[in-house]
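A quick write-up on the structure given underneath.
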Amino acid sequence: MGISLVTKAEYKAYAGINTTTEDTLIDILVVKVSALVKTFCRRSFVDYVNDAKSEYFDGGLKTLVPDEYPILSVSSLEYSADYGNSYTSLVEYTDYVLKRSDNTISAIAEEFPLSINGYKLTYTAGYETLPEDLKLAIFDLISYYLKNDMAVHSNKAPGTNTVQIEYVTNTNLPSHIKRVLDQYTANYN
């Protein structure tokens, strides 16, 4: 699951909560909502800011598109002619360049030659400080789950032995939250 995107203290300050009665539930929701946002947006935001991530590519293209962004630094880009058995370091500004405008790695030559497991990229990426609009969407999503604590509601009419179950059929996030998350969703199309 990685690192949570917000803390309980940040959420409680935002929501104006001064008691500890909901702390256990908030602790759980911070972790779960962080995982939901990371899955929805197809990126981790903070997990690789301090710890480098390694990804493997086959080449055959002019650019390599890492999963995480914004890229903070590239530790190394290595090439393997033996399907990933051993790697040789490539030189930045001679063999490749980090294109900061779109967070891709571009080949200086025509393209990165096609080679299965041919390229190993090690880099750090993400936000050292999460953008405020994204934090706000996460806070609102935590509040949403605090208030709407059940997906299935069971209502028993007074004086009867029958139970009516209402299934929530709308799987959409609240629109004000979805608008923000859409701005941060990785698009690989």
Consider Leu134 carefully, then state whether it is closer than 22 Å to Ile3 by Cβ and modelled with pLDDT under 95.
no
Taking the residues in region 17-75 that are of a type in the set (Val, Ile, Thr) and closer than 30 Å to Ala109 by Cβ as candidates, determine which candidate is nearest to the chain's Cα centre (by Cα).
Ile71
Give me the pairs, please: first residue somewhere in region 9-30 and assigned to a helix (DSSP H, G or I) and among the charged types (D, E, K, R), second residue anywhere and surrounded by 10 or more Cβ atoms within 10 Å (Cβ to Cβ) and modelled with pLDDT of 95 or more, beta-carbon distance under 6 Å, and either six or more positions apart or on two chains.
Asp27/Lys8
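The values are calculated or read from the model by the stated rules, or taken from the named source; none is laboratory data. What you see is a predicted model; the values in this text were computed from it and never measured. Ideal geometry is used to build each Cβ from the backbone, glycine not excepted, and the neighbour counts take in all protein chains shown.
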